[in-house]
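Here the structure is laid out as structure tokens; the discussion comes afterwards.
The values are calculated or read from the model by the stated rules, or taken from the named source; none is laboratory data. The shown structure was predicted, so the numbers you read here are calculated from the model rather than taken from an experiment. Quick reminder, even Gly has a Cβ in these numbers, built from the backbone with ideal geometry, and neighbours come from all protein chains shown. Each accessible area value is taken on the protein alone, full model and side chains, heavy atoms only, with ligands, DNA and RNA left out. Shrake-Rupley method; radii C 1.70, N 1.55, O 1.52, S 1.80 Å.
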Amino acid sequence: MSETPAEEKETSLNWWRAHPLSPLTQMWVIFAVIAWNVGTSVYQEWNNGEGDFIARVGESLWQIIAESSFFFKLAIPLFLLALVLTYWGWFVTFFAVGSDAVYRRSGLLTKKYRTVNLERIQSIDIVRPFLPRLLGLSQVTVDVADGTDSALKIEYLKHSVANEFRSSLLRKVREAKSGEELETGAHTDTVSDPAITRAADPSAEETESATTTEERQLTRLPMGRLAMSILLNLKIWLILLFTVVSVGALVWASDNIWGAIVGNLAIVLMAATTAWNEFNQGFNFRIFHSSEGLKIRKGLTNSTTQSVPTGRIQALEIKQPLLWKRLGWFTITMNVAGYGLELKEESLHRSNLMLVATEEEIKKVLPLVVAQRWNAQREVETFPRVFSGSIPDDGFTPAPASSRWFDPLTYRRNGYLLTPTFLLIRRGLLTRRLTVVPHDCIQSVELSCGPLQRKTGLATLKLHSVAGQVTPQAKNIDRDNAKKLLALY
Amino acid sequence: MSASHENPPTRLEGPQLSLDTDIDSVAWKRVSPRYLKLRLVQRSIWTILCVALSAIPLLGHYIFHWNVPLWLGWGLVALMLLWQGGLFVLVPRQVRSWGYSEYPEHLLLTKGLLTRSTTAVPYGRMQLVDVSSGPLENMLGLATVDLKTASAGTNAVIHGLERDEAHRLRQVLTLRGEERMVAM
């Protein structure tokens, strides 16, 4: 059997383990307990008593164990077992750096073998948690783009070794990447030096600072429109309706007015808080354009400035709740690589590209959003127009008539359109949506077909995007058409 | 933005799609027949556990003289046996439904009996590859390949590969991923 070049490379890999002290750091709680008990015994026996000091300390420790509860006794063999297991785990975990990938081999019972291409590596960081730091150890984390977890964690190496390892790996990554054209965006820089680029990360929320570059305000959300948009939320009205009905019912049934009101106060307060938060967050929502890119400024009690990371946008969704339709307002959310890793609350607010926008404003902002990466300014201007679905020849591939059994209300609006840059998916009737996924942002495509769908020649197409608010999928479209989209990217 | 005053085009032409990937005529590589054994063993363990659980009222009736009607105790066991038997019968078909295929630009995966799904992962999207094998898999010389992209939605796991095939696949995927890498 002839070996491929990759195999040859892998057989000559130099495998090594993490530092032998590292397993101990995982059990620091137990060590703290032991240290405490030993320490107090030593201290007590030192102060009082005569005879052999060591023997007395041993005796006192034995007494502690003997007098301890059943669970404490049980904990001792368990601890020893845990110690053996962690050391075993450490013993069978190996790392290796090849010419084009980093490898990790691990697993007690389940053997695992992880391969991370050097070219995929976005950052290599050194982390120094408290306890390993006391032992002079450091953790090295290797990250790929938007993994939900670190691609590779080396726990731990001696600090000097970790530093050396990081710089040599950085060198290799740079060599591996130098073959290609340099990508634009923050990520290539991250590899060159994470510490520096982290400070200059365009996605980081800046504190209000005097900028020398000239900024042009593109849109500003008037307070009236914001307040109106919040009031036109169907959910709030449903909650209020529910409250009124239930208060009424209670009063009618028991004529205990105060009890009914207090009981429903919580619900009303909750709705009010939500509305207030939305108002507070979206207050004075402005979008600026400068030579540095787009910026969003917003907030009433806490004004924030957020750079729009146009280089990292992976998907967009234009949405229109039912009650906004007459007013012609839209909201736009985005999936941004990296946002999925943040706190849910935070990423929720930061995924708003436009909060309550008119068609004119969308036409002003969206072309600037795509300008940096795609030559698609004309394409995005059509989005508000194709959104309604009422234009007869807008190019959309409509959902087939057989899908009316699945989506009786929405099947007329459902459909998709391939443009040179994007895949547009239109759906929904009460809340109308237009999902926009650039072809080069689709990670993988899944076509699924349930038994009823198979009978009617339909299928559901899911486009896997990075974690975020937008989940691009086209439900119940023609299966033969969907098949062709499977090979698209 | 000088073009912003012109009317945008009414109809947009999309890219030409490559039609060579007709998923209905793909020659799927199926998982190892030994993997079926493994699944059957796993299934049996679950079956035994579930049946044992469902027999508790019955045993309680006979041993501890619980006040459980006999028909209910036996009925529970019978229902569980029926259900588990059904699942057991489905296992071979389930395993046979899984397949994968290395296309020029994509790794294709298929699975599912009732809801059939096909996933296409472009090689260039791959972020990392994991090969793992649990104790049972290890005994049978099998391994699982898991391909990860930047999306958590990508579920590109291939179970029950021969160990050599798993490592061959890993190398092929790594190589192709490198050649066709697309930046985020």
Restricting region A:412-431 to residues that are of a type outside the set (A, V, I, L, M, F, W, C) and open to solvent by 30 Å² or more (accessible area, probe 1.4 Å), which is farthest from the other protein chains (Cβ to nearest Cβ)? A:Thr431
Go through region B:1-49 and report how many residues are in a helix (DSSP H, G or I) and either at pLDDT below 50 or open to solvent by 30 Å² or more (accessible area, probe 1.4 Å) (or both). 20
Check whether at least one residue in region A:437-447 is open to solvent by 30 Å² or more (accessible area, probe 1.4 Å), over 25 Å from the mean Cα position of the chain (by Cα) and within 13 Å of chain B (Cβ to nearest Cβ), and report yes or no. no
Of (1) on the phi > 0 side of the Ramachandran plot; (2) part of a helix (DSSP H, G or I), B:His167 satisfies all except one. Which? (1)
Report the residue count in region B:113-138 for those that are open to solvent by 20 Å² or more (accessible area, probe 1.4 Å) and either in contact with a strand residue (DSSP E or B) (Cβ under 9 Å, 6 or more places away or on another chain) or within 7 Å of another protein chain (Cβ to nearest Cβ) (or both). 9
Please tell me if B:Leu82 is more than 10 Å from chain A (Cβ to nearest Cβ), in contact (Cβ under 8 Å) with a residue 12 or more places away in the chain and surrounded by fewer than 18 Cβ atoms within 10 Å (Cβ to Cβ). no
Residue check, A:Ala337 open to solvent by less than 50 Å² (accessible area, probe 1.4 Å), touching a helix residue (DSSP H, G or I) at 6+ places or on another chain (Cβ under 6 Å) and in the same structural domain as A:Lys235 (by TED's automatic domain parsing): no
May I ask you to verify whether A:Leu452 is part of a strand (DSSP E or B) and either touching a helix residue (DSSP H, G or I) at 6+ places or on another chain (Cβ under 8 Å) or surrounded by fewer than 20 Cβ atoms within 10 Å (Cβ to Cβ) (or both)? no
Could you list all residues from region B:22-43 that are of a type outside the set (Val, Ile, Thr) and under 17 Å from B:Pro135 (Cα atoms)? B:Ser32, B:Arg34, B:Tyr35, B:Leu36, B:Lys37, B:Leu38, B:Arg39, B:Leu40, B:Gln42, B:Arg43
Anything in region B:110-124 that is closer than 12 Å to A:Cys449 by Cβ and part of a strand (DSSP E or B)? List them, or say none. B:Thr110, B:Lys111, B:Arg116, B:Ser117, B:Thr118
Hey, can you tell me all the residues within region A:231-250 that are crowded, with 18+ Cβ neighbours inside 10 Å and at pLDDT 85 or above? A:Leu232
Output the number of residues of region A:124-152 satisfying the condition of being within 13 Å of another protein chain (Cβ to nearest Cβ) and either assigned to a loop (DSSP other than H, G, I, E, B) or open to solvent by 10 Å² or more (accessible area, probe 1.4 Å) (or both). 9
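Residues are listed down the side, and each one gets a yes or a no for (1) closer than 22 Å to A:Pro20 by Cα; (2) modelled with pLDDT of 90 or more:
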residue: A:Leu135; (1), (2): yes, no
residue: A:Ser138; (1), (2): yes, yes
residue: A:Gly147; (1), (2): no, no
residue: A:Glu155; (1), (2): yes, no
residue: A:Thr188; (1), (2): no, no
Please work out if A:Thr331 is among the hydroxyl-bearing types (Ser, Thr, Tyr) and not assigned by TED's automatic domain parsing to the domain that holds A:Glu361. no
Does A:Val262 satisfy the criteria of being at pLDDT below 85 and open to solvent by 40 Å² or more (accessible area, probe 1.4 Å)? yes
Would a scan of region A:354-361 turn up a residue that is away from every other protein chain (no Cβ under 11 Å), of a type outside the set (Phe, Trp, Tyr) and assigned to a helix (DSSP H, G or I)? yes
Can you give me the number of residues within region A:363-397 that are of a type in the set (D, E, K, R), open to solvent by less than 40 Å² (accessible area, probe 1.4 Å) and assigned to a helix (DSSP H, G or I)? 2
